[in-house]
1. Could you check how many residues of region 216-243 are surrounded by 15 or more Cβ atoms within 10 Å (Cβ to Cβ) and among the acidic types (Asp, Glu)?
2. Filter the helices (runs of 4 or more DSSP H) completely within region 35-132 down to those with at least 1 residues that are within 30 Å of Thr284 (Cβ to Cβ) and in contact with a Gly (Cβ under 6 Å, 6 or more places away or on another chain).
3. Would a scan of region 36-55 turn up a residue that is under 11 Å from Ile115 (Cβ atoms) and free of Cβ contacts under 8 Å to residues at least 24 places away in the same chain?
4. State all residues of region 388-401 that are assigned to a loop (DSSP other than H, G, I, E, B) and out of contact with any helix residue (DSSP H, G or I) (no Cβ under 9 Å at 6 or more places or on another chain); if no residue qualifies, say none.
5. Pick from Ser330, Ser316: which is over 17 Å from Leu277 (Cα atoms) and in contact with a strand residue (DSSP E or B) (Cβ under 7 Å, 6 or more places away or on another chain)?
6. Look at Arg258 and say whether it is modelled with pLDDT of 95 or more and in the same structural domain as Ala168 (by TED's automatic domain parsing).
7. Go through Leu449, Leu443 for me and flag whichever is over 18 Å from Ala233 (Cα atoms), modelled with pLDDT under 95 and not β-branched (Val, Ile, Thr).
8. Please specify each residue of region 158-201 satisfying the condition of being surrounded by fewer than 23 Cβ atoms within 10 Å (Cβ to Cβ), among the acidic types (Asp, Glu) and touching a residue at least 40 places away in the same chain (Cβ under 8 Å).
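The values are calculated or read from the model by the stated rules, or taken from the named source; none is laboratory data. From a predicted model like this one, the values you see are computed outputs, not experimental measurements. Cβ sites come from the backbone with ideal geometry, for glycine too, and all protein chains shown count toward neighbours.
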Amino acid sequence: MERIHDIYRPVDERKHDFKEVERRLTLEDIKPQLKRCQNCGVPFCHGAGCPLGNLVPDENRAMSKGDVRRAYELLSVHSDFPEFTSRICPALCESCCVRDLDEEPVMIRQSEKLIIDTAFERGWVVPEPPEKENGKRAAVIGAGPAGLSAARTLRRKGWAVTVYEKDADIGGLLRYGIPYFKLDKALITRRRKLLEAEGIRFVTGTNIGVDVSADYLSRVFDAVVVAIGTPAARDLKIPGRDLKGVHLALEFLGGQNRYLGGELAAPPISAEGKRVLVIGGGDTGSDCVGTSIRQGCKSVTQIEIMPKPPETRSPSTPWPDWPYLLRTSSSHKEGCERRWSLNSLRFLGRKSVTGVEVETVDWEFSPLGKPLKFAARPDSKEVIAADLVLLAMGFTGVPTDHPIVRQLGLAQTPRTALLSKPESNIFCVGDCASGASLVVRALASGRNLPL
């Protein structure tokens, strides 16, 4: 049986709205797919793939029999927020699926999405307050994925938990970075109500380190969890960076989300009628593509300094490693020119950007096909016209002068990740401790909090 590839709403329909792009699969769609699961004696999907350790083969078995309630009970053992991961996780579990060796992997993510959506619809998801309080109080700084996961983990153990968030609402990048068309923010609001019913207190619009001292929290709480993500985006300091129309990706994406969420009267950055150039080939860049299309851009081009990946798994990432290969998102399929091996040299324009001068680079590869280093190709410079340039090149870590770092006396790695101070009951989780990574890894970090 072939894997279902048609999981999206029609392009001509979805590119005109910000509703979730994926269509709803039914139990009858999913059941035959999950019967392909081999229930491996050593389930790589569970042990080598999922950072949360989800009981994937057991969930698959239950769903293949139509027992959604049992599948939900199994999913809930390790996953606190499956309504998020089932929508935005790249499904590391599927890249480890034994079926992927000679066929296509089992549809694990789509199954988990059906499980949790059904569980909410049937009223199975209810608040789970602790059986007893332990008399201890914890402050969590940051209400993104890692902070929410840490808060629920502590609350489950009987801690009185207060979560502080600088933005107007909780969710972090789930709310202010990932577009609505991938994750409806109503799901975050619904989860917030459940967390509050479990006894977790949220204090939003409060910037710890500025409005309230982090040192103060460490003195009045029994433990402090730092979950501030990686707030420093990687910039592109080339000539012309100060021209109007050159923006970091999250300025663009966050503004659109704040507008849709009612925090702003209009998007502060609009792609309407503009030639958009996205610099950076990852998921954030793809999100910029989809958002630009929905705002009514004239055209959108995405460029990347890295070479074009192979169409199939590269020998440099053998199974069960996460494969190095070409990935095409739903946004790319909506109308986008993609180019690789281009190095940006300077932004052009007088007051506003009118284009970017780029240069083709040639890559040197390892014997297994891994890109190693590049060199400029002679006489390959060209100009890509653009009225709006969005920089989507990842994040660099936590600035060394961040007030929380200073006030708590936190040490950092050479790459500016934060180190916990267990002797002071200060713990760092998520991207701020590991470097920018996946939402599912941030959730696992918060869940594995050593308290």
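1. 1
2. Output list reads 68-78, 92-95.
3. No: region 36-55 contains no residue that is under 11 Å from Ile115 (Cβ atoms) and free of Cβ contacts under 8 Å to residues at least 24 places away in the same chain.
4. Residue satisfying the conditions is Asp401 alone.
5. Only one candidate passes the filter, namely Ser330.
6. When the stated conditions are applied, Arg258 does not pass them.
7. Within the list Leu449, Leu443, the selection yields Leu449.
8. Asp169, Asp184, Glu198
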